[in-house]
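Structure first, commentary second.
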Amino acid sequence: MSSPSDQPTADGQQAAIATCPNCGEPRPRRFCAECGQSDRDYRRSSWAVVGDFLRETFEVDSKVLRTLKLLPRPGRLSIEFARNRRASYVSPVRLYLFASVIYFFAISQGPWGGGAREPADIAQPTATSQDTGTAGGSAGSSPAVQAQIDVLKTWMPPETGSKLDEIMQRPGGPELVAGFLQVTGGLIERLPDESSSLERAWLAVGIEFMHDPGFFQNDIVGSISVGAIFFVPVAALMLALIYYRKKRYFAEHLVLQIHIQTFSFLVTSVIVLLPGGMLGTLASTALGLWTLYYAAAAMKHFYGDGWLRTLFKLCLLMLLYAVVVTPILGTVVALRL
């Protein structure tokens with residue numbers, strides 16, 4: 001809508017240029033060149049205001065549709081941003097936040113979001129320490145297993161020791177604990193002086209998982225999910241190191257990583273909501289492979305390398321990511337215990 005001052009006068013001369021009410025700068029066209037505000041005036045009838053509102057809404061929706069149409073094409077959206085074609089698409093940060101909301105909502109609704117199980121849902125012990133004839137023993141445990149359990153109890157918190165006793169008193173519990181101790185026997189022998197805090201934390205995680213698998217699903221997976229948000233700049237820095245010969249700015253690597261993570265969030269949101277059974281497993285596997293292919297194809301198209309070189313660099317990226325992220329996640333897990 002043009003201001004009356006923008007219309008020609010009776011003698012054909014152009015009137016004074018309108019002033020933007022938002023910043024006070026001259027506004028010769030529909031949008032202010034200084035602040036970007038349009039010439040729309042909402043001091044009008046309600047129907048006109050509603051019309052403008054719907055028009056602006058559809059303008060945003062068209063941008064979203066263009067973005068979502070290009071996002072499944074690996075690397076294409078990132079290339080558009082690298083060419084500074086930004087106005088037609090949703091910004092990478094907004095798109096990432098949008099995908100994060102969907103992802104965490106899916107996690108909360110899926111099998112990982114049911115919360116920790118109530119005590120009644122966990123198998124109750126079928127034997128007590130009195131049944132074993134010893135105050136400190138566990139049902140069905142051999143002397144060697146019991147000796148390792150006693151070593152664990154010397155450093156772990158009392159509540160963790162109680163959980164270990166509960167596991168031993170469940171059907172199949174002694175066999176489960178014996179298998180766990182067989183795998184971690186070398187680590188237990190080095191307790192407590194020769195083992196690191198990270199190793200002790202992973203032992204505690206194993207006990208928590210045996211006691212209640214929901215602990216892993218809710219706490220650990222939740223920590224990894226939240227951590228994925230903060231690891232995006234780390235992965236972008238790794239891309240910058242791997243592709244340092246491409247002479248690209250860090251922001252370009254960051255945009256690519258954001259788009260890859262956004263796509264991963266959206267696909268994972270579908271995976272966690274899939275039903276169980278063989279069909280759900282096949283669909284989850286296919287979607288997981290698609291996500292891996294998407295990352296490789298996005299890197300190939302964005303950086304212009306061949307498939308062999310791209311796959312090598314993707315493996316290198318995953319290796320670096322595991323080396324850097326695993327200790328951080330271990331620390332997070334230790335803090336959550």
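Identify, from the list L319, L273, L239, the residue that is surrounded by fewer than 13 Cβ atoms within 10 Å (Cβ to Cβ) and among the hydrophobic types (A, V, I, L, M, F, W, C).
Details: L273 fails: surrounded by fewer than 13 Cβ atoms within 10 Å (Cβ to Cβ); L239 fails: surrounded by fewer than 13 Cβ atoms within 10 Å (Cβ to Cβ).
That would be L319, the only listed residue that is surrounded by fewer than 13 Cβ atoms within 10 Å (Cβ to Cβ) and among the hydrophobic types (A, V, I, L, M, F, W, C).
From S78, S100, which residue is touching a Leu at 6+ places or on another chain (Cβ under 7 Å) and at pLDDT 85 or above?
On the way: S100 fails: touching a Leu at 6+ places or on another chain (Cβ under 7 Å).
Only one candidate passes the filter, namely S78.
Can you tell me which of (1) at pLDDT below 70; (2) within 37 Å of the chain's Cα centre (by Cα); (3) in a helix (DSSP H, G or I) is the one Q130 doesn't meet?
(2)
Could you tell me which numbered condition H301 fails, if it satisfies all but one of (1) free of Cβ contacts under 8 Å to residues at least 60 places away in the same chain; (2) assigned to a helix (DSSP H, G or I)?
(1)
Return yes or no: is F263 assigned to a helix (DSSP H, G or I) and touching an Asp or Glu at 6+ places or on another chain (Cβ under 9 Å)?
When the stated conditions are applied, F263 does not pass them.
Against the condition in a helix (DSSP H, G or I), under 44 Å from the mean Cα position of the chain (by Cα) and at pLDDT below 80, how does V60 come out, does it pass? Talk me through it step by step, then tell me what you get.
Values: in a helix (DSSP H, G or I): yes; under 44 Å from the mean Cα position of the chain (by Cα): yes; at pLDDT below 80: yes.
Against the criterion (in a helix (DSSP H, G or I), under 44 Å from the mean Cα position of the chain (by Cα) and at pLDDT below 80), V60 qualifies.
The values are calculated or read from the model by the stated rules, or taken from the named source; none is laboratory data. As the structure is a computational prediction, the values presented were derived from the model and not from experiment. Here Cβ is always computed from backbone atoms with ideal geometry, including for glycine, and neighbour counts include all displayed protein chains.
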